[in-house]
1. Net charge near residue 284, counting Lys/Arg +1 and Asp/Glu -1 over other residues with Cβ under 12 Å of its Cβ?
2. Over the stretch 424-486, what is the relative contact order in percent, taking alpha-carbon pairs closer than 8 angstrom and at least six residues apart?
3. Pairs of lysines 8 or more apart, or on different chains, with alpha carbons under 22 Å: count those in the stretch 442-538, would you?
4. Once phi is turned into ³J(HN,Hα) by the Karplus curve 6.51 cos²θ - 1.76 cosθ + 1.60 with θ = phi - 60°, what whole-Hz value does each residue of the stretch 371-379 show in order, with x for glycine and proline?
5. Have a look at the stretch 643-705 and give its Rg and Dmax from the Cα atoms, expressed in angstrom.
6. Give the long-range amide H neighbours of residue 805: residues separated by 5 or more places, or on another chain, with amide H under 5 Å away, using H modelled in the peptide plane at 1.01 Å from N.
7. Grab the beta carbon distance between residue 212 and residue 85, set R0 = 41 Å, and tell me the FRET efficiency rounded to 0.05.
8. Cα-based Rg (one decimal) and Dmax (whole number) for the stretch 97-142, in Å?
Amino acid sequence: MVVYKREPAVERIIEFAAKFVTSFHQSDTEDDEEEEDGGILNYLFTFLLKSHEANSNAVRFRVCQLINKLLGNMPENAQIDDDLFDKINEAMLIRLKDKIPNVRIQAVLALSRLQDPKDDECLVVNAYAALIENDSNPEVRRAALSCIAPSAKTLPKIVGRTKDVKEAVRKLAYQVLAEKVHMRALSIAQRVMLLQQGLNDRSDAVKQAVQKHLLQGWLRFTEGNILELLHRLDVENSSEVAVSVLNALFSVTPLNELAEICKNNDGRKLIPADTLTPEIALYWRVLCEYLRSKGEEGEEFLEQLLPEPVVYAEYLLSYIQSIPVVNEEQRGDFSYIGNLMTKEFIGQQLILIIKSLDTNEEGGRKRLLAILQEILTLPTTPISLISFLVERLLHMIIDDNKRTQIVSEIISEIRAPIVTVGVNNDPAVARKNELKMAEIKVKLIEAKAALENCINLQDFNQASELKEEIKALEDAKINLLKETEQPEIKEVHIEKNDAETLQKCLILCYELLKQMCTSTGIGATMNGIIESLILPGIISVHPTVRNLAVLCLGCCGLQNQDFASKHFVLLLQVLQIDDVTIKISALKAIFDQLMAFGFQPFKTKKIKAIQSEGAEVNTNEEQESKESEEEADTAKNVLKLLSDFLDSEVSEFRTGAAEGLAKLMFSGLLVSSRILSRLVLLWYNPVTEEDVRLRHCLGVFFPMFAYASRTNQECFEEAFLPTLQTLANAPASSPLAEIDITNVAELLVDLTRPSGLNPQAKNSQDYQALTVHDNLAIKICNEILTCPYSPEIRVYTKALSSLELTSSLAKDLLVLLNEILEQVKDRMCVRALEKIKVQLEKGNKEPGDQVVAAQDDNTTTTVFQSEDENNKEVYITPVKGVKATRMKSTQQKTNRGRRKVIASARTNRRRQTVEAEADSESDHEVPEPESEMKMRLPRRAKTAALEKSKLNLA
């Protein structure tokens, strides 16, 4: 009972004692002799319950463990006294709050048989639910998760643990769901969410748990029917998850079994159209792609599932022609619309199967291309299938010029189809025909009268001639009647401008532009499409048409710099005045063009007109010519407009702006400590808690950007004080007031660590006497001296103690620390500063003494060697055990750092840093960065510092 360590001998004794005591209880139950022997178990329980509050961690642990073993070894139908039950329950509930995690774990295990999942007020179930969500120890959460009984109340808690931060907890959560929860107990949304998270988890162990336990368990519920499993996942609305599920199942199933579902007995290797369902179509498509990925092994089975391209093309054409067209009366019939959407989904899967066909044979490929073009020109082809059809069509055509020509022809046929129309006769012609008809009639009457006279006179020769004349007149009459009754029919092109037609044409154009190589440029054919389709679409009354036109315009800009410069203002105008969806498309298009061409092509005076009213732009540069000043202002105005979306109430705007600005900074096209500060604040802002994409983007960007080069770390250095000051000055009503300033400071310190730089970037340190942390240390000291009674002094002091400082700065920094100690009165800060001072004094000893001190004293000096063995630097971390922040180092290629050094505040002059153009972008929330003290050391001083470092490392 007093041994806390889990020695094998102790564990065996505990196990023996539990089995020994409970064996009497079992025999008593059988013999109905409870009085004497039952007292042994009760006595042991009573003894243990008296000791559960002992001061010894070992005693509390063993008490809970033994109670757990006793309850666990009792038979399923065992009964205990109600009073004893209540005492055990009460004691173990108290131990659930024990400060020692192992004690809490044993208490959780002990209570597993005392819970009542049918009772909504059960204290044990409520305690389990609280531990699962709130306990800081992952092993305690795992224990509670393994013991909690699934019910309508606890199921959401179990599902929630699939998002736990610890891999072991997530894995166990999926195992519990597979073993204890029936598939029908989960909603379709929960099933899809569980599979989406599990199959895409960053941990291989969690993925394996989903594949081998959860998926296989659900497959057993459907009696091994994969199509039924897909049906329970609603593949129409979650096709990506269904694809992941199928690939996971295919990986553990023999190939010959997979092909049985799609095999057909009619010999055509096609599934009859009337038997196609969304599940079968998706299964067919994914299986074909899976077999294609298997190479030669899968080719044999693939030949059994797919026919020749010509046969399949005719099959696809007939199916798409069978999709009905919705009229106005049917738009309100939801069952009809649902059936139509199902047919369109099946059509999408059939189109995607084309990528698995063998199109190496020229004849089959040409026929397939011809049928795809025919399908695209059909007026009944649904809009939802156009992008899939175009993507497959363009994939089979390699040459960009041929692609453009074919798409242009399809657009012409869709927008201006050939229509046969009747041409009305000219009134003059009609009058002439009437007179001619009258003349023929008169001649007929006269000829018939003359014929009668000839017959009466028996002049048969003349009568024969008159008969021929009458016949000719009758024929002329008939021909003339035909001409007047049948109008002239001509074939003409009638241009269509309805929203559906324009959407189809713009989708065609957009898919073409996405697949075109950027070096192709904009030719005459594409220019015609731009003038006749894209630019008119920008001013369309239909939002969907405008959005597609903006997307196309943005892609056109990537093809040609002059075109992008010419229409950049148009995109900025759309960004300001249009609907939300269209604004987001314009925002992304603008960032894409800035990434492709930089800011230089867009520095035109025209853009200055879009500057928001009242915007003020501050610049630290000296007065230059008026023209260059206007160009600089233009770039700043554009950045001001784009960065303002970081404060938008619309999540998509914030995410789009943050992604774009992060890309510009990472690519080196933008250098701005102010924007960087705003991105850090945005990442911590509670308002963005639900913006998963935004936070993931910035979470990846910060370490990759910081550790890429010293220049980037200097940008974080300049953003350090303004960011903390913004948080410190935030009003209580602002969401920024909820942010932990200390955590932000820890993040910025970690991102500026010289030791975190990529190996290539560390070479830039060799040219500079001081590191970024050295510079930051001087800034922090100056800030503390500026206001030694500020509440943020503790944050600055803690940050100062976490810096990696070089030995060359120690002497100058000691002077500043002495001044700070004279003015700062906070005890915690004073103690921390004194500790820093002691460590710096140790690191500032003479070279010979420092070697001895390093051998005798346990200092926190850490040596980081660069790739060049001739140049070495010593970093001194004043305080041990620096807390790890939210970010981890991520290596990336680097640019060279700027060559500058920072010296002591007492001996150097101040000068304000000149940042890139973007740094003058106005932002009232973020204070101006503090000016730096810079001075270039002479070569002799650098050489001396280098030799000193070598001696220190000797």
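Read-outs: derived from the displayed coordinates by stated rules, not from any lab. Since we're looking at a predicted model, the values are computed, not measured. Every residue, glycine among them, receives a Cβ derived from its backbone with ideal geometry; neighbour counts consider all protein chains shown.
1. Taking every Cβ under 12 Å from that of residue 284, the sum is +1.
2. Reported as a whole number, the value is 41 percent.
3. The number of close lysine pairs in the stretch 442-538 is 12.
4. Result, ordered by residue: 6, 4, 5, 5, 4, 5, 8, 5, x Hz.
5. Answer for the stretch 643-705, Rg first and Dmax second: 10.5, 29 Å.
6. Under 5 Å from the amide H of residue 805: 876, 877.
7. The calculated FRET efficiency here is 0.60.
8. According to the Cα coordinates of the stretch 97-142, Rg and Dmax are 10.4, 30 Å.
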